[in-house]
Every structure is written in structure tokens, then in C-alpha cells.
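Below: the structure, in C-alpha cells.
The values are calculated or read from the model by the stated rules, or taken from the named source; none is laboratory data. The model shown is predicted, which means the values in this text are computed figures rather than measured ones. Quick reminder, even Gly has a Cβ in these numbers, built from the backbone with ideal geometry, and neighbours come from all protein chains shown.
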Amino acid sequence: MISKTYAPQEIEDKWYSYWIDNKFFSSKPNPDKEPYSIVIPPPNVTGVLHMGHMLNNTIQDILIRKARMEGKEACWVPGTDHASIATEAKVVAMLKERGISKRDLTREEFLEYCWEWTHKYGGIILKQLRKLGASCDWDRTRFTMEPDLYDSVIDVFIDLYNKGDIYRGHRMVNWDPQARTTVSDEEVIMKEVNQKLVYLKYLLVDEIGEALTDEAIIIATTRPETIMADVAICVNPHDERYKHLVGKQVSIPLINRAIPIIADEYVEMEFGTGCLKVTPAHDTNDYVLGKRHDLPVIDLLNEDGTLNEKAQILVGEDRFVARKKIIKLLEESGNLVKTEEYKSNVGHSERTNSVIEPRLSEQWFLKMDKISKPAFENVMNDTVQLIPAKFKNTYRHWMENVHDWNISRQLWWGHRIPAYYLKDGTTIIAKSKREALRKAQMDYQLFALTEEDIEQDPDVLDTWFSAWLWPITVFNGIKEPDNADINYYYPTNDLVTAPEILFFWVARMIIAGYEYKGQYPFKNVYLTGIVRDKQGRKMSKSLGNSPDPIDLIEQYGADSIRTGMLFSSQAGNDLPYDDKLVEQGRNFGNKIWNAFRLVKGFQVSEDLQSPAGSQLAIQWFESKLNQTILEVQDHFSKFRISDALNSVYKLIWDDFCAQYLEMIKPGFEQPIDKQTYDATLEFFDRLMRLLHPFMPFISEEIWQNIMERKDKDSICIAPFPQAANIDQSLLNDFEILFEVISSIRNLRNAKNISPKIALPLSIRTDNQGRYAALEPLILKLANVESIGYVTGEGEGTAFRVKSDEFFVNLADELDVETERENLQRELEYTQGFLDSVIKKLSNERFVQNAKGDIVEKERQKQADAEAKLETLKEALVRLG
């Protein structure tokens, strides 16, 4: 018994459990089948499902389900990323609630808490993906900190170090004071913020620091809290205002330390006051300027963003508190000239939202110039395809301006850098302390050395340094480079991800692929858009504009969410999310369900002959289905996933439900012939298989109901429909059929004639055979009493379809006087419209000056109005 309404909540858990119990998603190398593999962009263990995940994983699931139905050995590898910064932040917050500080713990104790948190919360998002219908091979779930993947990351570091590609250097980096670690350029988000532009004066002083006169240099800065780290004032050598001051000294306000005035063409004379304070420790450009002029470096900030002893004043104050206080101190001392409101872009940490500090620090770096070349060339020549291709320009820009990668992070949770230091500063790269000791003894003849004499680098590797190996390490391809899985599944086929990580994940995976497998890691990169709200804002918890995906699934069902997300989601274009899209998905599910209930509710007769109209409808829908299958395959080949769904949607809603079922549906309480019934169920079977990648749950439920399938059988391993012959002539005829029926129905509505009243129809055509074949369907769908053929003028109201003319005799049903008045009004309106068009075309200035296409449109309006006038006059004549 099929339930009256479709209730996704009742069937989704049932079928997902069925798929898992029967291991339909499991995969292993099979030499008799073509492999198709996808690796999931590993979500952070701190994460829960959000709308971006919904879109991304829906697309992946569609691709993998289709490949599985095509008979490929489909393998979708799930997993999670340890997310160093985000996880540490979560664990630190958890410890704070327990009254524990990270500083009170040893590294090992803190890591125990990290593992506790990971085991408790790390798998939440993967469980949520099951609710979406994600058909991952869950037995293959990987985690970037599990032993094999951990060892692989360390092995790669050692290998690259030994090749001379990894080095340690003192460089300017992006510092996150809240997380107390460096972050990469790609993890710095620029945001426009309101600030104060502070104008202050530096008095000229003599060699012993005494003020010479009241003469001063005015500086404008948004960071007055860093003036204590100033080491020079810089002006442009061509600036006439300051030429005479170059080589002299000024005194830093409040601390009265003398610094020189230098000249450099870097300074823009027109910007601000034309004078620049040089603070090498706290500005990247100042650092470069300082090196050029051999200036000292004073770093006045602690790791947490508070001022240290080198600041001399406000020591221990947070940088932003110090900023407010120092403005007040400058005012009190008479050094403040003025302040202005000022907007500028300021870098924020993507992980903690803390304002980034440029900071000089000893870090580990990976040289990127040589190692990145294959990844650059093979995207540019489309060996690896970016979809849409517009992102090649972004990729080119990044790769042509690639910087060495800062791969160290000042954290405890992550892959610890395998660098060991002796007390004399010697660095040994080794996989363990024991191996480092052996190297020290053998390479440096330090036989008296013990493990206590060796200290491992406290830093861990950037999370992306493990993520860049993901397509290789999930198949254990670093530790066992010739194992069966890596040889069969690598390279993977498609990657689905977001454009914002194109460089610091996608590009780096391609780099690692060529470095360690001599081949790209995936053939295609499908770049999704960002899910935004109706106002165009990116969805986020802080804005409160993002619905909870699990709540949506519980309310609407997973299939509705999947289709709703895809209805307006073109590759690379942002998705303006609206609940109406999900409601459209739900309505689609209900439409399918009601159509299936209708068909299964038919009373079937073995004795009835199939009507000619039904036979014709079956032939037509067979061609329409095959045509759409080809269309869908073409969309998939070009990664137009949204277009593929829309083709299936139109086929089922318009062509099958609205047209085909109306053609074959028997009369009230009348049976249907078995031939038509079986053909309809067979269509339903193929439609559900075509729909399955997009809406896996409802398609499985209906498919299992169609022919009472056997156990351990599922639509998810049934063959994806293949196109057969297409009768294009028949499809063309049916387009005419639908237009004729629509015109007759519109005529009824316009004249307020009941659809129950049968009307006579006459046709003037040179192709009578076409309509003779279509007669049964015209009679049924348009409720036509009879069909005749005329060579001259027919009786009744006329309309035209293509080159043929149709006459519907409404005389017995019409109020003739009212109809005559309506026609007369329309004739007068059309005549007036025609007169206005003729007047415009009679204006020589308009004809000479207007664009050719505009003039042509006016002439077409004239022709259309003249033709309509003739039709109206003929209709009036027929009414007498």
C-alpha cells in the first residue's frame, strides 16, 4: 500500500541503512572495471555541516552515484582534517571552562585533551553527511593525524629538506596574536575597518637629543602604539619641503629617543604629509626599507599582542588598549596635531578573526619557485581543467607570483616538525629523537651525546602541509608508493571544492601530485560558488543568516535540500539561497510521488487493446526520454550539474506528468490496458534511475515499489539509463500538438466556455497525414467533438500554428453580441496601434537616425498589426 503523501522522514533513514548494510558504497580495486574516485575536501574536525558543505557534498554525491550506476568502480573517500589552529582554540576554550590553562599543562597533557575533543566531536560532520545521503565508502574514512598519514607528512618534510627545498629563516610573517602562531597569506582576510588617522609631531633635535627649535616633522599613522619601535623618518629625496632635513634627527614623542631622517624614493610625496615613520618590526614594507638602509629592528610586541619592555611605556598593555592610551598621552604632551576618521583595509586571521600583526620570526619555509612549475604548466595547458575556466586567470596570477611557503606553526596540535637541535645550535632532521641521536653520533662523532642533549623543534607543520598530500595519503601512497589502492585509484577523477582555497589547497595538491607521483592528482576541478542569502551576504553564524542544514533536512527531506541547492547553482557562481528553492524541491518530490500513486492506482485490464493515442504517446515519450538522456549526459560532460538537474526536472514535471500521463490516463473508473500500463511503469523505472543521483531517497523508494525488487538489489547499482533512437519528426509533430491543444484551451478560457463542452475543429493544412495520426490525442486532450479538414475558410474562431490554420466553431456556445463588441474593441485598439507605428515610420528623421534593428522592429510591429487586423475583420464577418 503506497501512502497518500510522501513522507521523506519515514524513508530516508530506512534506505540509508539499507545501502550501508549491503555495502553498496564500498569499493576495492577491480581490474575488470574502470575506476572512478573522488576524495572529499576534508572538513575540519571542529566543523558541523553548513550550507557550503551541503552544496559541495551534494555535487560530489551526484558525480559518484552516476559513476557507480555506469558500472565504474566508484570510490568516494571521506575524512577529516585535524585543523591545528581551530582545534587548539576549541580545546583551550574547553579547558578554560574547566578552570585549566594551556600554560599549566605539558605538551603531552594538552595533546591528550586534543584527542579527547577529537574523539568526542570530530566525527559529527561525517555523521551529518549521512543525513544528506552522501554515498562515501565509510570504511575508508581517513584522518590527517592518524599514524600512516602522520608518518607520510613527516617523510615528505624530510625528503624535501634533503632535496634542499625546505629551509629555516628569519623572515617577516603574518602573526595571529590570539592563536599565537603564524598564518599564511591565504589565511589573512582583508576587511575594511574604521580607524583614527593620528597626526603627531617629531621635534628636530641635535646630536645629544636636545631640541634645536620648534621645527618638527608631522607624521600621520593609524598605529601610534608602534612609535616606540620607530628607527627612522623617511622622506622622498625629490621633495623640496624636506630636502634640507635629510641627515638630521628627530625625537620620538613620549620616549625622547633620537632617530635619523633618511631619503628614499619609496615614499610618495602626495600621500599624507609626505613623511613616513619607519618601523621595520611591525610593517612588511618598512622591513624592506630598513634592510635597504641597514636600520635596526625593534620588536615591541609580545606573542599575545601586548607591549613588551622595549616599548618603555604602557608595558603589558594590549596593543589596542595602548593605542587609545597613547593618543591621550600624545595630546597631554603637546605632540598630537589632530586625528581624523579613516577607513582602511586591515588583515584579519581567517581562523580567529584577530587582527594580524606583521612580525619578524624564525620559521620553516618551502621553496616554491621550482617545485610549482609543473602544477602551473599543466593547469595552463588544461591537462588539469578548472571549471569554470575563468579561474585560470586567478590561478595564473597566484602561481606567477608564488612566494616561499611558511610551513611552521607555533602550536602543539599537529604534525611536529622533525627538526632536532643540539646545544651548540646544530640542526638535525630525523624521524625520531633516537634517529637524531644516531645521526649526531655518526655524522658529528658526538658519541657521548644522549637523548637528553637533544631538543625537538616545538612547532608543528601548517595544516595545509598535510592536506596537500590528501589524494595520495588517503591511499597510503607515500609510505607504500606501489600499493594496489594507489595504483588503481590514483589519479582521482574530479575534485569539488570552493574557489577561495584554489591556491593554498588545490594548487598545492597539484604540486604534490607531480612531485610524488609524477602525475596530477585529479583531472577536473569543479569550483562551486558561495552560498549567500537573499541580500547577497555570505552565510555565517555571526550574521544569523544561515539556516541549520539538519533542521532543513528534518523539515523538508534531504532530496528537497539537494535539488533546492542545485536549482540555481552554476559552477563558480554564487548561489542566492532562498527557502523557496527548497520548497520547489519538496514540491517536485510530491509531484513525483503523486504521479506514481496515480499510475499504481490504475485498474489494469489484460483484455483491453491499447488505444491508438496511447501507442502514439508511448512512442513520443520514448523519444523525449532518449533526447533528455543525451542532453543530461552532455551537461554532465561539461560539469553543468544544475542544467542536468533542470533537464530531468522538466522531463518529469512537464513532459511525463503534465503531458504523457494526461495522454494515457483512462477515463474515470475505467481500466487501463496492460500494454500501456507496463510501458508506463517501465518509463517510471528509467526516470527514477535518471533522477537517482540527484534525489537518491525518493527514487529508491519508488524503484523498489515498481517491480517488487529482490533483496540486496538497489537503484544505486542499477544501470544509468542509456539513450536509444530518437524520432525527431515525431517530437516536432508533438510540439505542434501541444501548441494546438494549448491554443484551444486558451480560447475556451478567453470565451468562458466549459472544458466539458466538446467543440468542432477544422484544420487547413498541406500535411493532413500529420493531424490524422494526432487526431486521437487532439480529441482527448482538447475535448474536440470532431475534426474536419478544409481547403478554404473554415467556420469559427481561427488561430494559426506554424503554417497551418485552425478553426474552432464556438457559435453555439458564444453570446454573439458580446463577442462582436469585444472584437470591435480589439479591432479599434489594434487600428490605433497601427496608426501610431505608421506615423513613427513616416518620420524621416526617425528612420534616418535610429539604429537599423530598432527601425526593423517597428516595421515588424506594423506587419503584425496589419495581419491581426485582417484576422479580426474576418472574425467579425464570420459573426455576421
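Just a yes or no: is a residue in region 186-193 of a type in the set (Asp, Glu), closer than 23 Å to residue 336 by Cβ and either at pLDDT below 90 or buried (at least 19 other Cβ atoms within 10 Å of the Cβ) (or both)? No, every residue in region 186-193 fails to be of a type in the set (Asp, Glu), closer than 23 Å to residue 336 by Cβ and either at pLDDT below 90 or buried (at least 19 other Cβ atoms within 10 Å of the Cβ) (or both). Condition check: among the acidic types (Asp, Glu), surrounded by 15 or more Cβ atoms within 10 Å (Cβ to Cβ), out of contact with any Gly (no Cβ under 9 Å at 6 or more places or on another chain) and at pLDDT 95 or above. Does residue 139 satisfy that? No, not satisfied. Could you tell me which residue of region 106-133 is farthest from residue 57 (Cα to Cα), considering only residues that are of a type in the set (Phe, Trp, Tyr) and either buried (at least 18 other Cβ atoms within 10 Å of the Cβ) or free of Cβ contacts under 8 Å to residues at least 40 places away in the same chain (or both)? Among them, the one singled out is 110.
Here is the figure for region 320-343: residues that are buried (at least 18 other Cβ atoms within 10 Å of the Cβ) and either outside any helix (DSSP H, G or I) or at pLDDT below 95 (or both) total 2. Among residues of region 342-369 that are under 27 Å from residue 198 (Cα atoms), those with a beta-carbon under 6 Å from a residue that is surrounded by 17 or more Cβ atoms within 10 Å (Cβ to Cβ) and charged (D, E, K, R) at least six positions away or on a different chain give the pairs 349/176; 354/176; 358/283.
Applying the condition of being among the basic types (Lys, Arg) and modelled with pLDDT under 90 to region 536-579 and asking which residue is surrounded by the fewest Cβ atoms within 10 Å (Cβ to Cβ) yields 541. Taking first residues from region 765-776 that are assigned by TED's automatic domain parsing to the domain that holds residue 805 and over 18 Å from residue 659 (Cα atoms) and partners that are among the hydroxyl-bearing types (Ser, Thr, Tyr) and in a loop (DSSP other than H, G, I, E, B), the Cβ contacts under 9 Å between residues at least 6 apart in sequence or on separate chains come to 765/803; 766/803; 767/803. Of the numbered criteria (1) modelled with pLDDT of 95 or more; (2) closer than 18 Å to residue 200 by Cβ, the one residue 366 fails is (2). When the criteria are applied in full, residue 314 meets the requirement of being in contact with a Lys or Arg (Cβ under 7 Å, 6 or more places away or on another chain) and at pLDDT 95 or above. Residue 640 falls short on exactly one of the conditions (1) buried (at least 16 other Cβ atoms within 10 Å of the Cβ); (2) out of contact with any Asp or Glu (no Cβ under 9 Å at 6 or more places or on another chain); (3) of a type in the set (Lys, Arg), and that condition is (2).
Only one of the listed residues (80, 46) is under 19 Å from residue 351 (Cα atoms), hydroxyl-bearing (Ser, Thr, Tyr) and in contact with a Pro (Cβ under 7 Å, 6 or more places away or on another chain). That residue is 80. Looking only at region 81-90, which residues are in contact with a Phe, Trp or Tyr (Cβ under 7 Å, 6 or more places away or on another chain) and buried (at least 24 other Cβ atoms within 10 Å of the Cβ)? Correct list: 82, 84, 87, 88. Residues of region 459-472 include none that is without any contact (Cβ under 8 Å) to a residue 60 or more places away in the chain, in the same structural domain as residue 168 (by TED's automatic domain parsing) and not in a helix (DSSP H, G or I).
In the set 154, 233, 208, only one residue is in a loop (DSSP other than H, G, I, E, B) and of a type outside the set (Asp, Glu); that residue is 208.
To keep it simple, each residue is scored yes or no on (1) more than 30 Å from residue 180 (Cβ to Cβ); (2) surrounded by 16 or more Cβ atoms within 10 Å (Cβ to Cβ).
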position: 260; (1), (2): yes, yes
position: 271; (1), (2): yes, no
position: 284; (1), (2): no, no
position: 303; (1), (2): no, yes
position: 308; (1), (2): no, no
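Among the residues of region 679-704, the ones that are of a type in the set (Gly, Ala, Ser) and surrounded by fewer than 24 Cβ atoms within 10 Å (Cβ to Cβ) come to 1 in all. Every listed requirement among (1) over 29 Å from residue 560 (Cα atoms); (2) loosely packed, with under 15 Cβ neighbours inside 10 Å; (3) at pLDDT 95 or above; (4) not aliphatic (A, V, I, L, M) is met by residue 103 save one, (3). Considering region 601-623, and only residues there that are in a helix (DSSP H, G or I) and closer than 29 Å to residue 3 by Cβ, the residue that is nearest to the chain's Cα centre (by Cα) turns out to be 621. Filtered by the rule that a residue be touching a residue at least 12 places away in the same chain (Cβ under 8 Å), over 11 Å from residue 224 (Cα atoms) and of a type in the set (A, V, I, L, M, F, W, C), region 314-330 gives a lone residue, 314. Is it the case that region 35-52 has a residue that's under 27 Å from residue 570 (Cα atoms), of a type in the set (Ser, Thr, Tyr) and touching a helix residue (DSSP H, G or I) at 6+ places or on another chain (Cβ under 7 Å)? Among the residues of region 35-52, at least one is under 27 Å from residue 570 (Cα atoms), of a type in the set (Ser, Thr, Tyr) and touching a helix residue (DSSP H, G or I) at 6+ places or on another chain (Cβ under 7 Å), which makes the answer yes. Screening the candidates 472, 530 for the property of being modelled with pLDDT under 95 and closer than 24 Å to residue 58 by Cα yields one hit, 530. Selection of region 740-764 for residues being in contact (Cβ under 8 Å) with a residue 40 or more places away in the chain and in a helix (DSSP H, G or I) yields 740, 741, 743, 744, 747, 751. Restricted to region 777-818, and to residues there that are surrounded by fewer than 18 Cβ atoms within 10 Å (Cβ to Cβ) and part of a helix (DSSP H, G or I), the residue that is modelled with the lowest pLDDT is 816.
Residue 88 fulfils the conditions (1) assigned to a helix (DSSP H, G or I); (2) closer than 30 Å to residue 633 by Cβ except for a single criterion, (2). In the condition set (1) among the small types (Gly, Ala, Ser); (2) assigned to a loop (DSSP other than H, G, I, E, B); (3) in contact with a Cys (Cβ under 6 Å, 6 or more places away or on another chain), residue 37 is compliant with all but (2). If you check residue 762 against the conditions, is it modelled with pLDDT of 90 or more, of a type in the set (Ser, Thr, Tyr) and under 20 Å from residue 874 (Cα atoms)? In short, yes. Considering region 857-880, and only residues there that are more than 15 Å from residue 800 (Cβ to Cβ) and modelled with pLDDT under 85, the residue that is farthest from the chain's Cα centre (by Cα) turns out to be 880.
Checked against (1) on the phi > 0 side of the Ramachandran plot; (2) part of a strand (DSSP E or B), residue 518 meets all criteria but (2). Taking region 1-17 as the search range and keeping residues that are polar (S, T, N, Q) and free of Cβ contacts under 8 Å to residues at least 24 places away in the same chain, which one is farthest from residue 138 (Cα to Cα)? Only one residue tops the list, namely 3.
Of the strands (runs of 3 or more DSSP E) lying entirely inside region 358-447, those containing at least 1 residues that are over 22 Å from residue 166 (Cα atoms) are 385-387.
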